[in-house]
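Everything below concerns the one structure shown next.
The values are calculated or read from the model by the stated rules, or taken from the named source; none is laboratory data. What you see is a predicted model, and the numbers here were worked out from it, not measured in a lab. Counting neighbours? That spans all protein chains shown, and the Cβs are built from the backbone with ideal geometry, glycine included.
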Amino acid sequence: MQGSKRPSSPVKGKLRLYSNRFCPYSQRVILVLDAKKISYDVVNINLYSKPDWYYDKSPFGKVPALEAENGDVIYESLVICDYLDEKYKAHHLHSQDPLQKAKDRLLIEQFNRVVNAMYKILSSIGRVNLDDDEAVANGLITFERELMNRGTPFFGGNKPGMLDLMIWPWCERAEILKLFGNANLLKKDKYRRLLEWSRRMAEEPSVKRSMMDSNTHIKYLQSYRAGRPDYDMILNSTD
Ligand SMILES: N[C@@H](CCC(=O)N[C@@H](CS)C(=O)NCC(=O)O)C(=O)O
């Protein structure tokens, strides 16, 4: 938090992730690091009261940011995840077919509509905007169809690939939409494949590592909406 001491440099050759426990963009990077079994350490940033030194690491003061082995820092979740996939070749997450990779990138871009609408629903107190509900519903249908067309357990085939991991943090939080948005939003029959996919994702050991249950997400969201985000909430239970 503000006024906190700059952390000492990471152990030589080890990656460092500047993160926040409840940030879905940071979770994207953690999912990639864990899927690729890359060793890293984490410095959690209090986004409500950012330490001044953090702006030397990330010019906009946002998380995630990744300190590479040579001390250079990069930010923006998709840039970081692409870097990690290219730099650490074992267990490729992007398709090796350039056209498929491009198509997956387009779907990740397209998912931003779901992300933006979800953000509005979850952060707007006491008001359910039907346009936002519709944007989530329509956005998810695209992914339901995509799974049907691919006919594989994951978007990436038999294992989660980059597209699976990039959309997962918001899918993990989808259950809580029922509480804060329209209760009928995620009708089971409309998203059968996506719900099966979601169950499979939740069983993946590398996904389980960063997963939080809906109750924890709800509690955090309530603290965020009250203007006092409780970033330390899960320190005792999972750290
Ligand atoms: N486009 C960025 C978004 C990152 C982002 O919005 N992070 C939020 C936390 S989830 C943040 O750092 N917010 C603090 C701020 O905006 O000052 C990415 O993909 O990394």
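Does the stretch 66-87 hold any residues that are in a strand (DSSP E or B) and away from the ligand (no atom under 11 Å from the Cβ), and which are they?
Step one: of the stretch 66-87, the residues in a strand (DSSP E or B) are 66-67, 73-75.
If the condition is that a residue be in a strand (DSSP E or B) and away from the ligand (no atom under 11 Å from the Cβ), then 67, 73 are the ones that fit.
Answer yes or no: is there a residue in the stretch 14-24 that is part of a loop (DSSP other than H, G, I, E, B), more than 10 Å from the ligand (Cβ to nearest atom) and exposed (fewer than 14 other Cβ atoms within 10 Å of the Cβ).
Scanning the stretch 14-24, I find at least one residue that is part of a loop (DSSP other than H, G, I, E, B), more than 10 Å from the ligand (Cβ to nearest atom) and exposed (fewer than 14 other Cβ atoms within 10 Å of the Cβ), so the answer is yes.
Residues of the stretch 25-36 being more than 12 Å from the ligand (Cβ to nearest atom) and not in a loop (DSSP other than H, G, I, E, B), which ones?
Of the stretch 25-36, the ones more than 12 Å from the ligand (Cβ to nearest atom) are 30-36.
Correct list: 30, 31, 32, 33, 34, 35.
Being over 18 Å from the mean Cα position of the chain (by Cα) and among the aromatic types (Phe, Trp, Tyr) narrows it down to one of 18, 75, 40, 88, so name that one. Lay out the reasoning, then the answer.
Numbers: 18 fails: over 18 Å from the mean Cα position of the chain (by Cα); 75 fails: over 18 Å from the mean Cα position of the chain (by Cα); 40 fails: over 18 Å from the mean Cα position of the chain (by Cα).
Just one listed residue meets the conditions, 88.
Would you call residue 137 at pLDDT below 95 and either more than 24 Å from residue 217 (Cα to Cα) or charged (D, E, K, R) (or both)? Break it down stepwise before answering.
Numbers: at pLDDT below 95: yes; either more than 24 Å from residue 217 (Cα to Cα) or charged (D, E, K, R) (or both): no.
No.
Does residue 63 satisfy being farther than 21 Å from residue 223 by Cα and either outside any loop (DSSP other than H, G, I, E, B) or among the β-branched types (Val, Ile, Thr) (or both)? Break it down stepwise before answering.
Details: farther than 21 Å from residue 223 by Cα: no; either outside any loop (DSSP other than H, G, I, E, B) or among the β-branched types (Val, Ile, Thr) (or both): yes.
No.
In the stretch 37-60, which residues are surrounded by 18 or more Cβ atoms within 10 Å (Cβ to Cβ), more than 10 Å from the ligand (Cβ to nearest atom) and part of a loop (DSSP other than H, G, I, E, B)?
Listed by number, the list holds a single entry, 51.
I want to confirm something. Restricting to the stretch 121-176 and keeping residues that are touching a residue at least 12 places away in the same chain (Cβ under 8 Å) and touching a strand residue (DSSP E or B) at 6+ places or on another chain (Cβ under 9 Å), which single residue is nearest to residue 204 (Cα to Cα)?
Here the residue is 160.
Under 8 Å by Cβ, and 6 or more places apart or on different chains, what pairs join a residue from the stretch 1-15 that is of a type outside the set (Ser, Thr, Tyr) with one that is surrounded by fewer than 10 Cβ atoms within 10 Å (Cβ to Cβ) and at pLDDT 80 or above?
14/39; 15/39
Restricting the stretch 88-142 to residues that are part of a loop (DSSP other than H, G, I, E, B) and among the aliphatic types (A, V, I, L, M), which is surrounded by the most Cβ atoms within 10 Å (Cβ to Cβ)?
Pass one, the stretch 88-142, residues part of a loop (DSSP other than H, G, I, E, B): 88-97, 124-129.
Within this subset, residues satisfying the condition of being among the aliphatic types (A, V, I, L, M) are 90, 93, 125, 128.
Working: 90: 7, 93: 23, 125: 8, 128: 14.
It comes out as 93.
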